[in-house]
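The values are calculated or read from the model by the stated rules, or taken from the named source; none is laboratory data. Values in this document were obtained by computation on a predicted structure and should not be read as measured data. Cβ atoms come from the backbone with ideal geometry, glycine included; neighbour counts cover every protein chain shown.
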Amino acid sequence: MDTLVGELAGQELGPGLWVLPGQGNSLAIDTDAGVVLLDCSGDRHAEGMMATLRERTDAPIHAIVYSHGHNGYNASVDVWQRHNEERGDPPARLVGHENILKRHARYRETEDLQLRMASVQFPTRQPIPIDMLRPGMRLHDPIETFADRTAVVEGSRRVEVIWAPSEVDDALAVWLPDDGLLAGGAATPGSTIPNIGTPLRTQRFTIRWAETLDRLAALQPARLLTEFGPMVEGDEIATQLAATAEALRWLRAEVVQRMNAGMSEWEILADMTYAAELFDQPWMAPLYGAPDYIVRDLYREENGWWDRNPTTLHPAAPADAAAAVLSAVDPAAVLARARELADAGDGQLALHVIDLVALAPGDDAVVVEARELKAELCRALAKEVTPFVSKSCYRSSAWLLDNGTTSWTALP
């Protein structure tokens, strides 16, 4: 979802309020001081965003507000600042939550890891080459930060920013009290369940997100601009925010109950069922996140890294362990059984079986055949699952297997 244009791109929400075709529903707000822009996105969006804005107003860009600190959402700050300079306007103010500075420091330290994760998470037919991603992941620190709530612009149209920890701890919402309009940013993704526990990211803290939804609902907005999805209006806002918070708290209670009973992560995942009245809702569709992602994140909040299998406490080197397993099995029988499971429609069980051979090192013919079968299984599962990130991880894994490896050191 981090690469998608918002559903409302190009729409006018009222006098001086426009959604630009950026990364998500980027909001342009015309004020006495000039335009306040919620997220300026990356280079591939900047030209279209500028063209859309300049068809509507010639006002200077007064401020760029960072909805949160993820790579890409404000990579083109330098492009917009040059735009101001070329017009003879002063530099735009750069406003974000104070936690962004720590996030950006982490991202600079782990730059290549962030690029590898993006390569795997957003593939086309194969992972995107890391050097192609690098320019779009530029980081520009906000110059003005706040802790809880502040006004960016006062005057005839007040623009407030409110800390809204959710997907990340530096997320904010933009509140226009004079218009009754709330732009919820990452806290309100739209037509998908909250993006908690996604496979490639750090923890998102489920109850913290629920508390943020309570805080936003207390503003009693007349309209809610979601990050990617549709506009929500009137009483439906309170309904959706409250129902989402309720679902998150329900998940916490269910997972805690099972942890207290001594169940492991896999046991909990196998035991869970999801209440239809909470999860079969348009705004809770598993398009990007998924209920079982959240279950895993909740488990991580209260448990260490050990999966409770003593074999994994002090594991052997991956190649050595895989070679030992291969020496103890009949590779041909493993391949045959994996194909039987795949033909019977159980690709997941087939993956568990094929790993007995597919993880082995070297280019032995049976190992290569096992990798090929595992790649086929991954591509098939990518078509079966709903969450976007799972689809991407299966496709990227298949590409690696096709190239004879499972290691991310081999990403293009």
key: Answer from R204, R149, R134, R158 - the residue that is in contact (Cβ under 8 Å) with a residue 12 or more places away in the chain and under 19 Å from R252 (Cα atoms)   = R204
query = Within the range 49-89, which residues are of a type in the set (V, I, T), closer than 21 Å to W175 by Cβ and touching a residue at least 40 places away in the same chain (Cβ under 8 Å)?
reply = V65
task = Go through the residues of the range 304-317 one by one and say whether even a single one is among the basic types (K, R) and either modelled with pLDDT under 95 or not assigned by TED's automatic domain parsing to the domain that holds D402 (or both).
result = yes
request  = Go through the residues of the range 378-399 one by one and say whether even a single one is of a type in the set (V, I, T), farther than 30 Å from A285 by Cα, assigned by TED's automatic domain parsing to the domain that holds L326 and surrounded by fewer than 21 Cβ atoms within 10 Å (Cβ to Cβ).
outcome  = no
inquiry  = Which count do you get for residues in the range 295-317 that are small (G, A, S) and either closer than 15 Å to L248 by Cβ or within 30 Å of the chain's Cα centre (by Cα) (or both)?
reply    = 1
task = Could you tell me which of the residues G34, G96, G69, G42 is under 23 Å from V19 (Cβ atoms), modelled with pLDDT under 95 and not polar (S, T, N, Q)?
result = G42
remark   = Matching residues in the range 121-131 (assigned to a helix (DSSP H, G or I) and in contact (Cβ under 8 Å) with a residue 24 or more places away in the chain) number 2
request  = Looking only at the range 336-346, decide whether some residue is of a type in the set (K, R), surrounded by 13 or more Cβ atoms within 10 Å (Cβ to Cβ) and either at pLDDT below 95 or under 30 Å from R249 (Cα atoms) (or both).
outcome  = no
task = Check P286, P361 and return the single one that is over 30 Å from I207 (Cα atoms) and either polar (S, T, N, Q) or in a loop (DSSP other than H, G, I, E, B) (or both).
result = P361
ask   = part of a helix (DSSP H, G or I), under 17 Å from P387 (Cβ atoms) and touching a Lys or Arg at 6+ places or on another chain (Cβ under 8 Å): does that describe D292?
value = no
request  = Tell me, please, whether a residue that is of a type outside the set (K, R), surrounded by 15 or more Cβ atoms within 10 Å (Cβ to Cβ) and closer than 22 Å to R215 by Cα can be found in the range 134-149.
outcome  = yes
